[in-house]
1. Of the conditions (1) assigned to a loop (DSSP other than H, G, I, E, B); (2) surrounded by 11 or more Cβ atoms within 10 Å (Cβ to Cβ); (3) of a type in the set (Asp, Glu), residue 53 satisfies every one except a single condition; which number is it?
2. Sort out which residues of the range 56-83 are hydroxyl-bearing (Ser, Thr, Tyr) and surrounded by 12 or more Cβ atoms within 10 Å (Cβ to Cβ), and write them in order of number.
3. For residues that are surrounded by 15 or more Cβ atoms within 10 Å (Cβ to Cβ), modelled with pLDDT under 95 and closer than 20 Å to residue 61 by Cα, tally how many sit in the range 6-23.
4. Find all pairs meeting these conditions: Cβ atoms under 8 angstrom apart; at least six residues apart or on different chains; first residue within the range 1-16 and assigned to a loop (DSSP other than H, G, I, E, B); second residue acidic (Asp, Glu).
Amino acid sequence: MSRVGTRPPIPDEVDQYENWHHRRISIKPGITGLWQVSGRNEIDNFDDVVKLDLQYIDKWNLGLDIRILLKTVWVVFTHKGSC
């Protein structure tokens with residue numbers, strides 16, 4: 001597991017994936033990620049979670065990881081679900 005990545009899936013979840021969902025597990029899962037700092041408490045549609053994971057994969061760069069890590073600290077210390 002890496003510091004930043006996609007949300008780690010559980011095996012039962014993977015069994016229910018549609019074809020396009022599988023790309024989200026093409027990279028290492030992370031302790032935090034775009035979903036976690038994008039209002040995870042407000043996102044209840046699994047397809048929206050997958051879209052955020054794929055956005056992270058498609059736009060990955062070191063700067064994005066740094067921004068996500070900083071937002072994670074902000075969310076943890078302010079107890080906010082979204083930044």
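The values are calculated or read from the model by the stated rules, or taken from the named source; none is laboratory data. Just so we're clear, the structure is a prediction, and the values are computed from it rather than from any experiment. Neighbour counts are summed over all protein chains in view; Cβ atoms, including those assigned to glycine, are modelled from backbone coordinates with ideal geometry.
1. (1)
2. Hits for the range 56-83 are 56, 72, 82.
3. 2
4. 7/53
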